[in-house]
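Novice: Before anything else, here's the structure in question.
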Amino acid sequence: MRISPLLNASRLRTPFLYFLGVLCLVYLLVPAHAAAPPDVPSVIVIQNATILTVSHGTIEHGSILIKDGKIAEVGQSVNAPKDAQVIDAAGQFVIPGIIDCHSHIAAESINEGSVSVSSMVNMAEILNPEDIDIYRDLAGGVTSANILHGSANSIGGQTLVIKLRWGQPAAKLPFEGALPGIKFALGENVKRSNFSIPGQPKRYPATRMGVEETIRGAFSEARDYKKAWGDYNKRFAAGEKNLIPPRRDLRLDPLVEVLEGKRYVHSHCYREDEILMLLRVAKEFGFKVRTFQHVLEGYKVADELAAAGVGASTFSDWWAYKVEAYDAIPYNAALMTRRGVVVSINSDSAEEATHLNQEAAKSMKFGGLSHDEALKMVTLNPAMQLGIDKRVGTIDVGKDADLAIYNHDPLSAYAVVQKTLIDGRVYFDRQRDIAERSEREKEKKVLIDKLKKSAEKKPEDKKPDATVPIGQKPAEKKPEVKKPEEKKPEEKPKPPQSNGADVAAAAVRPGGAL
């Protein structure tokens, strides 16, 4: 591996930069097999597994036939061709790949907090396919994630669903055909309850009623903007000449898509009053909220959520971590489910996503949900909330072969992912990962040692001039010009010095000086 000139220690000027160089090398040392997308055989068969289909029960000693990235057959016996790659899953459990409905992985930035309506920004434009959290979440069985803007804005940025295709470029991450979304937020984060910049005025809105007005004002503009374009298109279609189209507004374009049902709204929220507020605003302008995110007081307004057909994507057992979360309870997911709300358990955390299976299992303890109901909260239910349930979320013929294989029941605290497949490709293999760890450690040590040696200062080396920028040659020194020596003025002879007796004698001599 060639070390980048940017990490060449001989050019580093401070210990801090040297530290960054080492840190970059360590961070970039990801699994060797992940550098390029894995090859995918045209036919794969998973055999001898306990298959939790989510849609039609459990199949013991079952098999799944995968062709060209799709599930071709599911059952206790399948007709696999002789050249199929076989994955023996004896004693293991296969479930649909886990779907995280609230994630911030694979993104270079999260919040555009300078304005309260930032609908013009788009998470699709800052995807980072090299984020190691993609690989770590794969190791937790996650195959798809809803990449959301942050919660600093009443109306935040545009969102998208991705598949965790580790090793692929950013252009290959988006989930093909998934409807895009937009992030809204309510409550303390938006009104900046715990955030301010010294010396700068507080950003509007600063209250919950200001948040409501901000959203209502934005959709009032969007409605007028939509009408202006509708009138223009109607007159243009009628053949009218010399028309001037309305001015394009990138901030309002996504809101028009919301009004037209072409973009989902996912809204961060906590309290029941703000949940009901957004439902009223949505009804006023004729759009639907697709999901409330976090929705920790959803159990208080579960009937209203069910009547509005809104999904709820919540935490398993986070509560009382700030004032607006004080009334949250771990029974929230189960209570909303019992009232007819489609509920998913999300992570909002790259680490939490590595064990979403266990987070879903908590709803069996807190609320008494069945095994199947709990498993749906991280598979089928989030797929329904994101509008991708025709492609993923269950193990059925014709769906994408996005699967996770565990060594124990996936809702067990002892369950560990053995393999994760997306589109029929094995993107995570625990045995391969473990086998390659020693080689990666050796490679890391070699690179760090090489960097340290190059950083050692040689005795004959001259200390570089810190004032000269990296990459710029120091200016050549001009030869010193000797200045001509200054001539001292010639000294005149001094008169002889006399003592006091001489002066006295001179005073009595005629003509002597006084």
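Novice: Label 7 Å along Cα→Cβ of Arg280; segment 305-333 residues with amide nitrogen under 17 Å?
Specialist: 305, 308
Novice: From the gyration tensor of the Cα coordinates in segment 242-307, what semi-axes in whole Å does the equivalent ellipsoid have, largest first, with each one equal to sqrt(5λ)? Please list the in-between numbers first.
Specialist: Numbers: eigenvalues 189, 24, 17 Å².
Output for segment 242-307: semi-axes of 31, 11, 9 Å.
Novice: Sticking with the crude label model, points 7 Å out along Cα→Cβ, report the distance from Met209 to Tyr414 in nm, one decimal please.
Specialist: 5.8
Novice: Continuing with the same structure: Please state the relative contact order of segment 65-146 as a whole percent: Cα pairs under 8 Å, 6+ residues apart?
Specialist: Details: 54 pairs, mean separation 28.2, N = 82.
Over segment 65-146, the number comes to 34 percent.
Novice: Please list Lys241, Lys183 from largest to smallest accessible area, probe radius 1.4 Å, with all protein chains kept in place. Intermediate values should be presented prior to the final figure.
Specialist: Values: Lys241 155, Lys183 5 Å².
Greatest to least solvent exposure: Lys241, Lys183.
Novice: By the scheme Lys and Arg +1, Asp and Glu -1, what is the net charge of all other residues having a beta-carbon under 12 Å from that of Glu240?
Specialist: Working: positive: Lys234, Arg235, Lys241; negative: Asp231.
Taking every other residue near Glu240 into account, the sum is +2.
Novice: How much FRET efficiency would the formula 1/(1 + (r/R0)^6) give for His61 and Ala171, where r is the Cβ-Cβ distance and R0 is 51 Å, rounded to 0.05? Before the final figure, lay out each step's value.
Specialist: Details: r = 40 Å, r/R0 = 0.79.
It comes to 0.80.
Novice: Would you mind putting 304-317, 192-205 in packing order, based on average other-beta-carbon counts within 10 Å, highest first? Working shown, then result.
Specialist: Details: 304-317: 21.4, 192-205: 11.2.
Result, highest mean first: 304-317, 192-205.
Novice: Using heavy-atom solvent-accessible surface (probe 1.4 Å) with all chains present, what is the largest-first order of Trp319, Trp229, Trp166? Let's see the in-between values first.
Specialist: Details: Trp319 115, Trp229 70, Trp166 15 Å².
If we order Trp319, Trp229, Trp166 from most to least accessible, we get Trp319, Trp229, Trp166.
Novice: So, one more: Take Tyr321 and Met120, extend 7 Å from each Cα along the Cα→Cβ direction, and tell me the distance between the two endpoints in nm.
Specialist: Those two pseudo-labels are separated by 3.3 nm.
Novice: Enter the per residue convex hull volume of segment 98-392, computed from alpha-carbon coordinates, in Å³ rounded to the nearest integer.
Specialist: 146
Novice: Could you work out how far apart the two model spin labels at Asp273 and Gln200 are, taking each label as a point 7 Å from the Cα in the direction of the beta carbon, and quote it in nm?
Specialist: Taking the two extended label points, one gets 2.8 nm.
The values are calculated or read from the model by the stated rules, or taken from the named source; none is laboratory data. In this text, all values refer to a predicted model and were calculated from it rather than measured experimentally. Quick reminder, even Gly has a Cβ in these numbers, built from the backbone with ideal geometry, and neighbours come from all protein chains shown. Ligands, DNA and RNA are excluded from the accessible area calculation, which covers all protein heavy atoms including side chains. Shrake-Rupley method; radii C 1.70, N 1.55, O 1.52, S 1.80 Å.
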